[in-house]
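Below is one structure, written out as structure tokens, with a few remarks after it.
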Amino acid sequence: QVQLGESGGGLVQAGGSLRLSCAASGIIYNINGMGWYRQAPGKQRELVAAIVSGGSTNYADSVKRRFTISRDNAKNTVYLQMNSLKPEDTAVYYCNILMSAKRYWGQGTQVTVSS
């Protein structure tokens, strides 16, 4: 069993910042990649940012230069620092890990950016 515990969501004004955290627990081994996805009402879930075991990162164009993904391998935790938030960043944010070719998802955390 693998569990992903997310935290850090909330309500923030445009231009503000939030930091999301996601800790993996349970039977954890060989995490290949960790990432964050988001889903806004009426839209498909989309990749926000991802980081692989070697440290390489990938970002959606809409969040480049505003969001930063990082990971702490010792804690099996991935973070998403979100700066200069915009109303269009409002969504449920989901943590995701890829471990031995299987994906695991968190329960999601709501991020709401007011204008």
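The values are calculated or read from the model by the stated rules, or taken from the named source; none is laboratory data. Quantities reported herein were computed from a predicted structural model and do not represent experimental measurements. Note that each Cβ is placed from the backbone with ideal geometry, even for glycine, and that neighbours are counted across all protein chains shown. For accessibility, only protein heavy atoms count, side chains too; no ligands or nucleic acids. Shrake-Rupley method; radii C 1.70, N 1.55, O 1.52, S 1.80 Å.
Per-structure values
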{"item": "Table column - 3J(HN,Hα) (Hz), segment 25-41, Karplus curve with 6.51, -1.76, 1.60, x for Gly and Pro", "result": "9, x, 8, 10, 7, 6, 6, 7, x, 9, x, 10, 10, 9, 9, 8, x"}
{"item": "Charge dipole (debye, nearest 20) of the chain; +1 at Cβ of Lys and Arg, -1 at Cβ of Asp and Glu", "result": "100"}
{"item": "Relative contact order computed over the chain (Cα-Cα under 8 Å; 6+ residues apart), in percent", "result": "36"}
{"item": "Proximal charge balance of Ser17 [Cβ under 14 Å; K/R count +1, D/E count -1]", "result": "+3"}
{"item": "Protein accessible area in segment 1-80, 1.4 Å probe - carbon and sulfur %", "result": "46"}
{"item": "FRET E, pair Ser115, Ser53, Förster distance 41 Å, beta-carbon r, rounded to 0.05", "result": "0.60"}
